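Down below is the structure, laid out as structure tokens.
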Amino acid sequence: MTEQKTVRVVAAEIHKEGQFLITQRRPSAVFPLLWEFPSGKVEPGETDEEALKREILERLGVEIAIDGLSMELHHDYEDYGLDFVVYSCRLLSENLQKLRVNDWRFVAPSELDQYQFPAADFQTVQRLLYPNE
């Protein structure tokens with residue numbers, strides 16, 4: 001039996017006027033056109049913070065400030081495990097671009113259930129909406 005590969009992904013929990021920033025995956029991506037918190041893989045030699053800042057810049061063309069750890073969770077997909085680490089972040093500019101995302105939008109917490117998320121992101125949504133469960 002081979003050991004399952006684990007991928008570390010960092011995500012940004014970005015608030016603006018009571019809404020969360022979510023992005024839509026590109027049609028060619030794994031989980032095409034599903035919504036997620038802006039995120040990306042941590043590359044070898046990178047810290048979580050370096051990876052998150054790089055991914056947000058590459059995907060949305062903006063810089064962020066990281067305020068702290070929001071949550072960590074592990075999710076097993078069929079072929080790999082995912083260590084999913086979410087950080088509370090602030091945008092340092094408002095000039096969001098669709099560089100490596102299909103779309104982006106700010107969504108009220110009550111509207112998040114109208115968007116389809118991959119399983120790990122769905123767990124994050126549940127924790128944000130129902131923190132005491």
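Derivation of every value follows stated rules applied to the coordinates shown; laboratory data play no part. Bear in mind that the values here come from a model prediction, so they are computed numbers and not experimental data. FYI the Cβ positions are ideal-geometry reconstructions off the backbone, even for glycines, and counts take in every protein chain you see.
Model label points for residue 7 and residue 111, set 7 angstrom from Cα along the Cα-to-Cβ axis, are 2.8 nm apart. Computing FRET efficiency as 1/(1 + (r/R0)^6) for residue 93 and residue 48, where r is the C-beta to C-beta distance and R0 is 30 Å, gives about 0.90.
Hull volume per residue, based on the alpha-carbon atoms of the chain and their convex hull, is 119 Å³.
Each residue, residue 33 and residue 102, gets one label point 7 Å from its Cα in the Cβ direction; the gap between the two is 0.5 nm. Total lysine pairs in the chain at Cα distances under 20 Å, for residues eight or more apart or on different chains: 6. Residues whose amide H comes within less than 5 Å of that of residue 81, counting only those at least five positions distant or on another chain, are 5, 6, 7 (H built at 1.01 Å from N in the peptide plane).
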